[in-house]
Amino acid sequence: MVLCRANSGQTKIDNFKFRVELVQALLTSHGTGSVRKFQGHHSTDKNVPRLLERHFPERIPPTEKKARPTKRCIVCYKNNRRKKAVFWCPECEAALCVDEFFKAFHTKLHF
């Protein structure tokens, strides 16, 4: 890498350290600060935001193609059931069956 050697007169650094510093510089200058929430990645401790914060169910908003969209309920999906939900938690970005699993998803670590 040519950039690794041309570091504006500073002492030479190895390739790995250069890449780490480059990524850190890019994240600080171009990072948005928002963190995308991934479904299925839950912490093992009790400090999971969905267990501590107050979340409310909302209808899944319509799109250009669907006036009444549905998504698979994530609790049903984990239990190998094929059920569509019309409600979701916008903070968690999770579609949930309101009557059965919304409360369980937001109160239990392992639903």
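Read-outs throughout are calculated quantities, based only on the coordinates presented, and are distinct from any laboratory measurement. Computed from a prediction, not measured in an experiment: that's the story for all the values here. Here the Cβ positions follow ideal geometry from the backbone for every residue, glycine too, while neighbour counts run over all protein chains shown.
Counting other Cβ atoms within 10 Å as a rough exposure proxy, the listed residues 98, 20 run 20, 98 from fewest neighbours to most. Under 5 Å between amide hydrogens, built in the peptide plane, is the criterion, and for residue 71 it picks out 85 among residues at least 5 positions away or on other chains.
In percent, how large is the relative contact order of region 49-107, given Cα pairs closer than 8 Å and 6 or more residues apart?
Working: 86 pairs, mean separation 20.7, N = 59.
It rounds to 35 percent for region 49-107.
Scalar couplings 3J(HN,Hα) for region 62-77, obtained by applying the Karplus form with A = 6.51, B = -1.76, C = 1.60 to θ = phi - 60°, are x, 10, 5, 8, 10, 7, 10, x, 9, 9, 6, 5, 6, 6, 4, 4 Hz; x denotes Gly and Pro.
When a/c reaches 1.5 or more, the comparison of a/b and b/c decides; with that in mind, is region 49-107 rounded, prolate or oblate per its Cα gyration tensor? Because a/c hits 1.5 or more and a/b fails to exceed b/c, region 49-107 counts as oblate. If I take R0 = 30 Å and measure r between the Cβ atoms of residue 104 and residue 27 in this structure, what FRET efficiency does the formula 1/(1 + (r/R0)^6) give, to the nearest 0.05? My answer for the efficiency is 0.25.
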